[in-house]
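Asks: Okay, handing you the structure first.
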Amino acid sequence: MRFPYGQRFYDPIFETCEALGLPFVIHTGGEGVNGQPTPTGYPSYYIEFRQARQMGYMAHLASMVFEGLFVRFPKLQIVFVEGAFIWLAPYLWKLDSDWRGLRRHTPWVEKPPSEYILEHVKFTSQPIETAERPRQLTTILEWAHAERTLLFASDYPHWDFDSPANALPFMPDEMLHNVLSDSARALFRLPRRMAAQPTAVAD
């Protein structure tokens, strides 16, 4: 791509998504399509490419917010795929902090950037990060409002795919239900989970 996704160059795509009630799903990286794939040039190994993905997503998010994408398209929903997730909470804090000091440059951004992102953007879980102490991730998930921002993704059949049975860190029950099912059902307008039906007992 030549421009970050918040620029008006892409508005016909977003206009169509909003009109049809479809989310715009992004799976992007720097593997040979965006000029140099990291701010410091070309890495030597694939594992280095993987670390750069969230930098691209951060740039697109900032562009979407400060170019006024969600002001122009107030019903638009965005999904970022395979760009990790744990970075989100401190990035929201940084966006809000910088916006408070520089908001005169983008007066159309009337709310803190985190509010636009929490309202309009989802992220997928794969590859979900791990921690030395797994419960530490629970706190970070809460900071990032995972109950409304995170969608489970397996990435099957890739070599590093995640199983819904054991890939996710500990989450409160409501958060887990939303991540595994309810948030995606609402986003893609799928039927809600059905309540368990009573079992008939023979006389």
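Asks: Assess whether Gly21 counts as being under 20 Å from Thr149 (Cβ atoms), surrounded by fewer than 13 Cβ atoms within 10 Å (Cβ to Cβ) and either free of Cβ contacts under 8 Å to residues at least 60 places away in the same chain or not aliphatic (A, V, I, L, M) (or both).
Replies: Yes, satisfied.
Asks: Applying the selection to the stretch 138-167, what residues are over 20 Å from Val121 (Cβ atoms) and either surrounded by 13 or more Cβ atoms within 10 Å (Cβ to Cβ) or among the β-branched types (Val, Ile, Thr) (or both)?
Replies: Those that are over 20 Å from Val121 (Cβ atoms) and either surrounded by 13 or more Cβ atoms within 10 Å (Cβ to Cβ) or among the β-branched types (Val, Ile, Thr) (or both): Thr138, Thr139, Ser154, Phe161, Asp162, Pro164, Ala167.
Asks: Of all residues in the stretch 113-148, which are closer than 29 Å to Phe73 by Cα and in contact with a Phe, Trp or Tyr (Cβ under 6 Å, 6 or more places away or on another chain)?
Replies: Within the stretch 113-148, Pro113, Tyr116, His120, Phe123, Ser125 qualify.
Asks: Test of understanding: among Val71, Val81, Val65, which residue is touching a Phe, Trp or Tyr at 6+ places or on another chain (Cβ under 6 Å), open to solvent by 20 Å² or more (accessible area, probe 1.4 Å) and either touching a residue at least 12 places away in the same chain (Cβ under 8 Å) or more than 16 Å from Ser114 (Cβ to Cβ) (or both)?
Replies: Answer to the selection: Val71.
Asks: Let me ask you something else. Which one is nearest to Ala62 (Cα to Cα) among residues in the stretch 92-111 that are open to solvent by less than 30 Å² (accessible area, probe 1.4 Å) and either under 19 Å from the mean Cα position of the chain (by Cα) or β-branched (Val, Ile, Thr) (or both)?
Replies: Applying the filter and picking the extreme gives Leu95.
Asks: Let me confirm something: among Glu147, Glu129, Glu82, Glu115, which residue is modelled with pLDDT of 85 or more, assigned to a loop (DSSP other than H, G, I, E, B) and under 17 Å from the mean Cα position of the chain (by Cα)?
Replies: Going through Glu147, Glu129, Glu82, Glu115 in turn, the sole match is Glu82.
Asks: Take the residues in the stretch 26-37 that are under 18 Å from Pro127 (Cβ atoms) and either among the polar types (S, T, N, Q) or modelled with pLDDT of 75 or more (or both), then tell me which one is most open to solvent (accessible area, probe 1.4 Å).
Replies: Our first condition is that a residue be under 18 Å from Pro127 (Cβ atoms); within the stretch 26-37, this holds for 26-31, 37.
If we keep only those that are either among the polar types (S, T, N, Q) or modelled with pLDDT of 75 or more (or both) as well, we get 26-28.
Working: Ile26: 5, His27: 108, Thr28: 19 Å².
Filtering first and then ranking leaves His27.
The values are calculated or read from the model by the stated rules, or taken from the named source; none is laboratory data. As the structure is a prediction and not an experimental result, all values here were calculated from the model. Using ideal geometry, Cβ is built from the backbone for each residue, glycine included, and neighbour counts are taken over all protein chains shown. These accessible areas exclude ligands, DNA and RNA; they are computed on the full protein's heavy atoms, side chains included. Shrake-Rupley method; radii C 1.70, N 1.55, O 1.52, S 1.80 Å.
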